[in-house]
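Nothing in this text is a laboratory measurement; each read-out follows from the coordinates by a stated rule. Treat the numbers as computed from the prediction; the structure is a model and nothing was measured. Using ideal geometry, Cβ is built from the backbone for each residue, glycine included, and neighbour counts are taken over all protein chains shown.
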Amino acid sequence: MAEQPSDPNMSDYNAGQIQVLKGLEAVRKRPGMYIGSTSARGLHHLVYEVVDNSIDEAMAGHCTQVDVTIHEDNSVTVVDDGRGIPVDVHPVEKLPGVELAMTVLHAGGKFDKSSYKVSGGLHGVGVSVVNALSSFLEVEVHRNGRHYHQSYEKGIKTKELEDLGPAEGTGTRVHFVPDGEIFTETVFNLDTLSSRLRELAFLNRGLKITIRDERPDETEEESFRYEGGLAEYVTYLRGARPSVHDDVIYFEADRPEAEIELAMQYDTGFSENTHTFVNNISTHEGGAHLTGLKAALTRTINDYARRNKLFKKSDESLSGDDVREGLTCVLSVRVMEPQFEGQTKTKLGNSEVRGAVETAVNEHLAIWLDENPKAAKAIIEKSLQAARARDAARRARDLARKKNALEGGVLPGKLADCSLSDASLTEIYIVEGDSAGGSAKQGRDRSFQAILPIKGKILNVERARIDKILANVEIRAMITALGTGIREDFDIEKARYHKVIIMTDADVDGAHIRTLLLTFFFRQMRELIEAGYIYIAQPPLYRVAKGKQETYAFSESEREQIVKRLTNGKGEEARGLNIQRYKGLGEMNPDQLWNTTMDPDGRTLLQVTMESAAEADSIFSRLMGDEVEPRRAFIEKNARYVRNLDI
Ligand code: 0RA
């Protein structure tokens, strides 16, 4: 393209016209910069660009109908009944307005500053870009009672603006052939165009948009016109999902920062369907307007529920996700100078719009809820259900995550494992306290006996929910050591030991800890009890020594018998008799612990059985409660669930 004023064909071009040519040349050199791509997407964008101009005319209140036609040759015509592009000669540029619009980048906005025009992103680059990327373009204007015509090739005019004679009404017709040298794809997709045009019709209440496809085999015409605007859009988007309330919530608000239009309706589904638009452009990435909407929704719905006593508990509240579950919502704002940001330039940056939307939604939604108490109640109930489901789901997720972590295979650091790996031969002692654990580690037969010390107090979790129980380090160590997993994931085949021996102090605290452990096994590893893998160690209560001779008593009556025997009936006061009461396992040295409690040849183990799962369940359930008495009763009756084994 020649740019030199000395070029004979260009000699009458002024500086402005050289600028025009440079501009159009830039568009053809880097079309992607202006329309995003030269593939099908960019191709369709040409149509949107032309239609946008007609829509601008409609938004300004001067246009009622836009007709789009795809011709046989894959060229497109867009006709509107707006005011028509001005044709009078511009005083400075000395060219007709329509010619400036067709050749000067971003010329559109220069005509009319008072309307909402799109800018930024790929929109609003102007019809001149379409012109530059078309091998042929003709524009016709009905205005001033006359019919005007002008044509171009690759953005360069091939005819001066011509007056073709008298005409009725006003409007603009643009017919263009996308340049095959620019586009890798030159075939239009009817569905693609239809869905954008339908969207535009919903967004511009009452505007009629038609699309006709004249290509062979595809001849089809569709017409979109929605008197209900966004409200109808919401009904359309909701589709077959049953609604929670009959009427679509709808309002418009005029604010200095933005014109706001919102429509929404809840359905019985679980997904959120929110679409936001700025000046008819879909803002996929959201932005200020969406932020304002979300804040207002959460606040207004919570306020309403609280004011109308629809929460059961005083501290109950609904999260943003709760109040958006099953919501179909379209928010459309019109902003004078929109700032489009984000990866795809579909995020509204204008921060002042946030507050405008938030205030408007707070106000109008509160009024709507007050005026529609039945619908409001249904909406709150739906949100409360969402809240409960979300809570349950979160617990299940946490549980699953924790279970995964427990199956990780890294054995707890406190576990002193045995060397044999055949589970049918091995046993694990779960020992109360680190000091007893130390003695047990020293006294054990390390070939088949593993020791896991646990801190008793931390196990005080009988009334906690499973998520809390599983957050307990001691419990986690135990699950990992046993290797079976818990609950639905429990697998007895993975048990790393076939004897799990609870070894606690022979006092009330010890009994308590034993109860807690049994509760845990019953709830989380019931099959372990059913398989008979759970045992209770029986450490002695007394050591009765006479000289070098030492005997152990496991009960009061046993102690009495021993004392009688060693003193020939004289009783405890007899000299030379040393009676020690064990207050804890820790008081025994490793040898004593081995001899009395751990050596399979000398120990007594009680096997935990379940007379019936139902009965055990009821006992454990009572133990889960706040009352102390049933818990104490259980501890006393514990022996009912165990029977002597090794004797
Ligand atoms: C600028 C000013 C006026 C109309 C338009 C542009 C206009 C542009 C297009 C593009 C396609 N269809 C269009 N319709 C109108 C109005 C000038 C006036 O009458 O005051």
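Please name which of HIS512, VAL544, GLY576 has its Cα lying farthest along the dipole of the stretch 499-588 towards the positive end, using unit charges on Cβ (Lys, Arg +1; Asp, Glu -1) and the Cα centre as origin.
Value: GLY576.
Hey, what do the phi angles of the stretch 585-590 turn into as Karplus ³J(HN,Hα) couplings, whole Hz, using 6.51/-1.76/1.60 and θ = phi - 60°, x for Gly and Pro?
Karplus values, whole Hz, x for Gly and Pro: 4, x, 7, 8, 7, x.
Over what distance in Å are the Cα centres of the stretch 198-239 and the stretch 566-602 separated?
The distance from the Cα centre of the stretch 198-239 to that of the stretch 566-602 comes to 93 Å.
Grab the Cα-Cα distance for LYS22 and GLU285, subtract it from 0.36 nm times how many residues apart they are, and report the gain in nm with one decimal.
Working it through step by step, the gained length comes to 91.3 nm.
Give, in nm to one decimal, the length gained when the segment between GLN549 and SER314 is fully stretched (0.36 nm per residue of separation minus the Cα-Cα distance).
Between GLN549 and SER314, full extension yields an extra 77.8 nm.
Mind sorting VAL248, VAL66 by how few other Cβ atoms lie within 10 Å of their own Cβ, fewest first?
So the ranking, lowest neighbour count to highest, is VAL248, VAL66.
With θ set to phi - 60° and the Karplus curve 6.51 cos²θ - 1.76 cosθ + 1.60, what are the ³J(HN,Hα) couplings of the stretch 431-440 in order, to the nearest whole Hz, using x for Gly and Pro?
Result, rounded to whole Hz: 10, 6, x, 5, 6, 5, x, x, 4, 5.
In nm, give the distance between the simple-model label positions of LYS374 and LYS159, each being 7 Å from the Cα along the Cα-to-Cβ direction.
Placing both labels 7 Å along Cα→Cβ, they lie 6.3 nm apart.
Based on Cβ point charges of +1 for Lys and Arg and -1 for Asp and Glu, what charge dipole magnitude is obtained for the stretch 176-248 about its Cα centre, in debye rounded to the nearest 20?
460 debye
Which entries in the list LYS22/LYS154; LYS29/LYS154; LYS548/LYS583; LYS94/LYS157 go over 18 Å, if you measure between the two C-alpha atoms of each?
LYS548/LYS583
Determine, from the Cβ-Cβ distance of ASP434 and ALA240 and an R0 of 56 Å, the FRET efficiency 1/(1 + (r/R0)^6), rounded to the nearest 0.05.
In this case the efficiency is close to 0.30.
Between ASP509 and GLU214, what is the spin-label point distance in nm, taking each point 7 Å from the Cα along the Cα→C-beta axis?
9.5 nm
Enumerate the aspartates and glutamates that LYS309 could reach by cross-link, defined here as Cα to Cα under 19 Å, with residues fewer than 8 away along the same chain left out.
In chain and number order, the partners are ASP322, ASP370, GLU371, GLU381.
Order the peptides 95-101, 422-428 from the highest to the lowest mean number of other Cβ atoms within 10 Å of their residues.
Final packing ranking: 95-101, 422-428.
What is the magnitude of the charge dipole of the stretch 127-255 about its Cα centre, with +1 placed on the Cβ of each Lys and Arg, -1 on the Cβ of each Asp and Glu, and no other charges, expressed in debye to the nearest 20?
Here the size comes out at about 400 debye.
Can you sort VAL333, VAL323, VAL79 from fewest to most other Cβ atoms within 10 Å of each residue's own Cβ?
Final ranking by Cβ density, sparse to dense: VAL79, VAL323, VAL333.
Given LYS455/LYS570; LYS312/LYS455; LYS441/LYS546; LYS312/LYS345, which pairs have Cα atoms separated by over 32 Å?
Table pairs above 32 Å Cα-Cα are LYS455/LYS570; LYS312/LYS455; LYS312/LYS345.
Can you compute the modelled spin-label distance between ALA60 and GLU530, with each label point 7 Å from Cα toward Cβ, in nm?
Here the answer is 7.9 nm between the modelled labels.
Would you order ASP601, ASP80 from fewest to most other beta-carbon atoms within 10 Å of each residue's own beta-carbon?
ASP601, ASP80
Kindly write out, for the stretch 175-192 in residue order, the coupling ³J(HN,Hα) from the Karplus curve 6.51 cos²θ - 1.76 cosθ + 1.60 (θ = phi - 60°), rounded to whole Hz, with x marking Gly and Pro.
So the J values, rounded to whole Hz, are 10, 9, 10, x, 6, x, 6, 9, 8, 7, 9, 10, 9, 7, 9, 4, 4, 4.
If packing is taken as the average number of other Cβ atoms within 10 Å across a peptide's residues, how do 279-292, 555-568 rank, most packed first?
279-292, 555-568
Can you tell me which aspartates and glutamates have their Cα less than 15 Å from the Cα of LYS499? Leave out same-chain residues fewer than eight positions away.
Result set, ordered by chain and number: ASP417, ASP422, GLU427, ASP445, GLU527, GLU530, ASP599, ASP646.
Could you compute the FRET efficiency for ALA389 and GLU488, with r as their C-beta to C-beta distance and R0 at 30 Å, rounded to 0.05?
0.95
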